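The values are calculated or read from the model by the stated rules, or taken from the named source; none is laboratory data. The structure displayed is predicted, hence computed values, not measured ones. For neighbour counting, all protein chains shown are included, and Cβ atoms are generated from backbone atoms with ideal geometry for every residue, glycine included. Calculation scope for accessible area: heavy atoms of the full protein, side chains included, ligands and nucleic acids excluded. Shrake-Rupley method; radii C 1.70, N 1.55, O 1.52, S 1.80 Å.
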Amino acid sequence: MNRPAAKSQIAGAECGQPAVHRRGLLLVLSSPSGAGKSTISRALLEQEDNLTLSISVTTRPKRPAETDGVHYHFIDKARFAELIEQDALLEHAEVFGNRYGTPRSEVEAALDQGRDVLFDIDWQGTQQIAGKLPNDLVRVFILPPSLEELEARLKRRAQDTDEEVRRRMSEAASEMSHWPEYDYILVNHDIDDSVAKVRAIVAAERLRRERQIGLTDFVDSLKPRG
Ligand code: 5GP
């Protein structure tokens with residue numbers, strides 16, 4: 001996935017307004033495979049300056065269209081176990097028989113520097129981050145417009161074998177049962193519309209009082225002097 005370099009975030013500075021420092025946010029997008037999450041993520045990363053993708057580690061074999069270090073860090077099971085042992089993963093889960101995890105250090109640095117981080121992780125990982133960093137988390141769940149459309153999208157993608165498609169269809173129902181654990185739910189009828197909606201969510205969440213950690217200083221500066 002191509003991503004623009006992240007800038008340290010100073011709210012308002014980009015449109016000539018006074019600077020208010022803020023803490024970054026963790027934007028989680030979850031959905032069953034094939035609901036359009038990857039396409040929405042790619043568009044968000046292209047359109048949002050201050051958003052970087054958290055690149056997970058996984059023991060899943062690399063697909064032909066994927067690049068190591070861009071889509072995932074592909075590692076073996078022994079290395080994955082080592083990372084857990086070292087407490088180097090913010091969360092980890094097993095999905096479709098493969099292990100996936102989020103490297104911790106990059107996420108913590110981004111938050112401190114006011115950079116926002118996008119996660120393409122499942123409900124298990126989302127629950128774990130909610131337990132650790134509840135105030136930084138913004139959870140969005142993407143639903144497909146119908147079961148038929150979901151199956152059609154999985155087949156069109158054709159990155160997986162027929163057996164894999166069948167397995168993912170049967171997992172979709174269980175993944176979708178977790179929608180009530182998310183803050184925002186959107187049905188992906190149209191990619192552009194869905195991207196616009198997620199950007200609206202991000203814009204509003206950036207303005208939350210508790211994220212704007214520089215507000216006290218800023219409001220002090222507005223008080224009449226003398
Ligand atoms: P895929 O194999 O299609 O790339 O991903 C399968 C599932 O694993 C997707 O639902 C994806 O969101 C999830 N996933 C990818 N990376 C992570 C991760 O680091 N942690 C967790 N918990 N899930 C992940």
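Given the peptides 120-129, 29-38, arrange them by the average over their residues of other C-beta atoms within 10 Å, most packed first.
29-38, 120-129
Would you work out if the chain is rounded, prolate or oblate? Take a ≥ b ≥ c from the square roots of the eigenvalues of the alpha-carbon gyration tensor; rounded if a/c is under 1.5, else prolate when a/b is larger than b/c, oblate otherwise.
Working: a/c = 2.18, a/b = 1.62, b/c = 1.35.
It is prolate, given that a/c is not under 1.5 and a/b is the larger ratio.
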(Q) Can you compute the FRET efficiency between Gln113 and Glu171 using 1/(1 + (r/R0)^6), with r the Cβ-Cβ distance and R0 = 45 Å? Round to the nearest 0.05. (A) 0.80
Q.
Let me check something: with ligands and nucleic acids excluded, how do Thr39, Thr58 order by accessible area (1.4 Å probe), largest to smallest?
A. Thr39, Thr58
Q | Surface accessible to a 1.4 Å probe, per residue, for the residues of the chain, Å² | A | 53
Q. Helix by helix, which DSSP H runs in the chain go 20 Å or more along their axis at the Cα atoms and have an average Kyte-Doolittle hydropathy of -1.0 or more?
A. 191-206
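Using the scaling law 2.2 N^0.38 Å as the reference, what is the normalised Cα Rg of the stretch 68-139?
That works out to 1.11 for the stretch 68-139.
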Q: May I ask you to compute the full-extension gain from Thr161 to Arg60, defined as 0.36 nm times their residue separation minus their alpha-carbon distance, rounded to one decimal in nm?
A: 34.9 nm
(Q) Projecting each Cα onto the charge dipole of the chain (Lys/Arg +1, Asp/Glu -1 at the beta carbon, about the Cα centre), which of Leu51, Ala78, Leu186 comes out farthest on the positive side? (A) Leu51
(Q) Could you work out how much longer the chain between Val70 and Tyr184 gets when fully extended? Use 0.36 nm per residue separation minus the Cα distance between them, nm to one decimal. (A) 38.3 nm
